[in-house]
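Below: one structure, written as structure tokens.
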Amino acid sequence: MRTTVGIIGAGPAGLLLARLLHNAGIDSVVLESRDRSYVERRQRAGILEQGTVDVLREAGAGERMDREGLRHDGIELRFDRRRHRVDFPALTGGRSVMVYAQTEVCKDLIALQLKEGGPLLFEAEALAVEGAETDRPRIRFRHQGAEDVLECDYVVGCDGFWGVARAAVPDGRTFERTYPFGWLGILADVAPSHDELVYARHDRGFALLSMRSPSVSRLYLQVPADTDADDWSDERIWDELERRFETDDDWTLRRGPLTQKSVTPMRSYVHEPMRHGRLFLAGDAAHIVPPTGAKGLNLAVGDVVTLARALVHRTATGSDELIDAYSATCLRRVWQAERFSYDMTTLLHTAPDATPFENRLQVARLERITSSRAAETDLAEAYTGFPIG
Ligand SMILES: Cc1cc2nc3c(=O)[nH]c(=O)nc-3n(C[C@H](O)[C@H](O)[C@H](O)COP(=O)(O)OP(=O)(O)OC[C@H]3O[C@@H](n4cnc5c(N)ncnc54)[C@H](O)[C@@H]3O)c2cc1C
């Protein structure tokens, strides 16, 4: 098999890259180790920055998102039983975010790819990337029980944190931080108890109220990193959420049947550089953020937009200028997202070894955000997204 761009992984990064290249007349092949139904059901991100929304629309993949997605103009910060709304458009000159689940973004992009794009092979596991420093890099992969080779002009590792592509970037440097807590996330068949996301800091730990649709709630609880989700009964989860979201007014939490329950670890991770010869890393293959800032999917989108532009520029002009700038261009934005995600995580979570002094400082930081327009604007600008490129 032979193609111009070999893409490993059909998560948001790989699927969107294939779409952008198709729109520019550049052929690609996507290899995905899992089956279609697994990829379309994997519950993960749900908040799309303004820039991500714009990119999906321009790529011709925004039609259902515009119909079914929920535009959000703010979030609520909750601490000390108090509530404070951060008004995004007022603070950022009109920007907002969209609540539209990653599962739906992937479904839309898969449908488009299968209808009019290049080959997308499910249950095709990349085993290794070879010859990245040559003009003919190759992906060795296994499909339908047989090993095969995909020869490419360029290879892009969009294969997530556990993929194989990163191993083919020698002499890289990694920066990492793990956190002593994770998120117990649930999906519940009940209308969200608030019309915008609620980020709650509580002495018992962080809680987040989010949603997937007008009838499906997504909620998270900070739990110790080694928590087994099965140790938490549905009733215990609702009781704990109720306590952490407590307010002085008459706000109440709606309860409903749980349809999913799992624990996600929290990690910050960056691999530099994001390129080796003709191999590029994009999305979670190169960097991970804790989900508190809702940045992971949006960073993946920024990477592949930057890469698609570089490959289109190369095809049109023969110049490697943008390709050579790819890693540094992406990493500038990645580090801003790492900083913001770290800030939000340490602002809102209770560390197991936190001193009373540190706990009091968290509240002081929240009071600063809720009383200073400059501090609040900083949060709103970061939340609604850093410019791509
Ligand atoms: C609980 C949770 C909540 C989150 N919430 C948010 C949020 O609100 N906002 C946000 O922006 N981000 C959020 N994220 C992060 C976001 O989901 C990821 O950053 C995003 O999925 C990254 O996309 P990706 O395409 O780079 O990687 P992935 O989505 O991980 O896709 C990688 C793909 O590669 C495939 N693959 C792996 N290895 C191979 C191989 N050897 N061969 C072939 N295929 C392979 C995998 O099966 C997968 O389909 C959240 C993550 C979690 C876990």
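Overall shape: prolate for the range 7-135, with the ratio a/c of the largest to smallest alpha carbon gyration tensor axis at 1.5 or above and a/b above b/c. Over the range 217-267, the reciprocal of the mean inverse Cα-Cα separation, the Kirkwood hydrodynamic radius, stands at 12.4 Å.
For the range 160-241, just run the numbers: alpha carbon Rg, then divide by 2.2 N^0.38 Å, N being how many residues it has.
Working: Rg = 16.9 Å, N = 82, 2.2 N^0.38 = 11.7 Å.
Output field value: 1.44.
Largest first, the extents of the alpha carbon coordinates of the range 98-251 on the three principal axes equal 65, 39, 28 Å. The range 190-237 gives an Rg/Rh value of 1.00, both radii derived from C-alpha positions and Rh following Kirkwood. With the cut-off at 1.5 for a/c, could you classify the range 109-199 from its C-alpha gyration tensor as rounded, prolate or oblate? Note, shape of the range 109-199 comes out oblate. Ignoring lysines fewer than eight residues from K107 along the same chain, the ones with Cα atoms less than 17 angstrom from its Cα are K115.
The residue list L197, G185, Y269 was ranked by how far each Cα lies along the charge dipole of the chain toward its positive end, using unit charges on Cβ atoms, and L197 comes out on top. Over the range 251-344, the fraction of Cα-Cα pairs per 5 Å bin, rounded to whole percents and listed from the shortest bin up, is 3, 13, 21, 18, 13, 10, 8, 6, 4, 3, 2, 1, 0.
The packing ranking, built from the mean of other Cβ atoms within 10 Å per residue, places the peptides 7-20, 40-53 in the order 7-20, 40-53, highest first. About its Cα centre, the range 62-194 has a charge dipole of approximately 840 debye under the convention of +1 per Lys or Arg Cβ and -1 per Asp or Glu Cβ, with nothing else charged.
Computed about its Cα centre, the charge dipole of the range 171-307 is approximately 640 debye, with only Lys, Arg, Asp and Glu carrying charge at their Cβ. Computed from backbone phi with θ = phi - 60° and the Karplus coefficients 6.51, -1.76 and 1.60, the 3J(HN,Hα) list for the range 11-20 is x, x, 5, x, 5, 5, 4, 4, 5, 5 Hz; x is used for glycine and proline. Classify the range 187-280 from the C-alpha gyration tensor, please: rounded if a/c falls under 1.5, else prolate or oblate depending on whether a/b exceeds b/c. Cα axes put the range 187-280 in the prolate bin. Between beta-carbons, use under 11 Å as the cut-off and find the net charge around P89, counting Lys and Arg +1, Asp and Glu -1. Summing Lys/Arg as +1 and Asp/Glu as -1 gives 0.
Only the Cβ atoms of Lys and Arg (+1) and of Asp and Glu (-1) were treated as charged; on that basis the dipole of the chain about its Cα centre amounts to roughly 300 debye.
State in Å² the accessible area per residue of the chain; use a 1.4 Å probe, count heavy atoms of protein chains only, and round to the nearest integer. Numbers along the way, then the final one.
Numbers: 16480 Å² over 389 residues.
Accessible surface, normalised per residue, equals 42 Å².
When only Cα pairs below 8 angstrom with a gap of at least 6 residues are kept, the range 30-159 shows a relative contact order of 28 percent. In the chain, helices alone account for a calculated mean residue ellipticity at 222 nm of -11500 deg cm²/dmol, with every DSSP H run of four or more residues adding -39,500 (n - 2.57). Over the Cα atoms of the chain, each weighted equally, I'd like the Debye log10 I(q)/I(0) at q = 0.06, 0.09, 0.12, 0.14 Å⁻¹, rounded to two decimals. One equal scatterer on each Cα of the chain leads to -0.24, -0.53, -0.93, -1.22.
Roll a 1.4 angstrom probe over the protein heavy atoms and tell me the percent of accessible area of the chain that is carbon or sulfur. Spell out each step's value before the answer.
Numbers: 7800 of 16480 Å².
C and S atoms contribute 47 percent here.
The C-alpha atoms of the chain define a longest principal axis, and helix 373-384 lies at about 40 degrees to it. Counting only DSSP beta bridges with both residues in the chain, the antiparallel share comes to about 75 percent.
The values are calculated or read from the model by the stated rules, or taken from the named source; none is laboratory data. Because the structure is a prediction, the values reported are computed rather than measured. Virtual Cβ from ideal backbone geometry, glycine too; neighbours counted across all protein chains shown. Heads up: the accessible areas ignore ligands, DNA and RNA and are worked out on the full protein's heavy atoms, side chains in. Shrake-Rupley method; radii C 1.70, N 1.55, O 1.52, S 1.80 Å.
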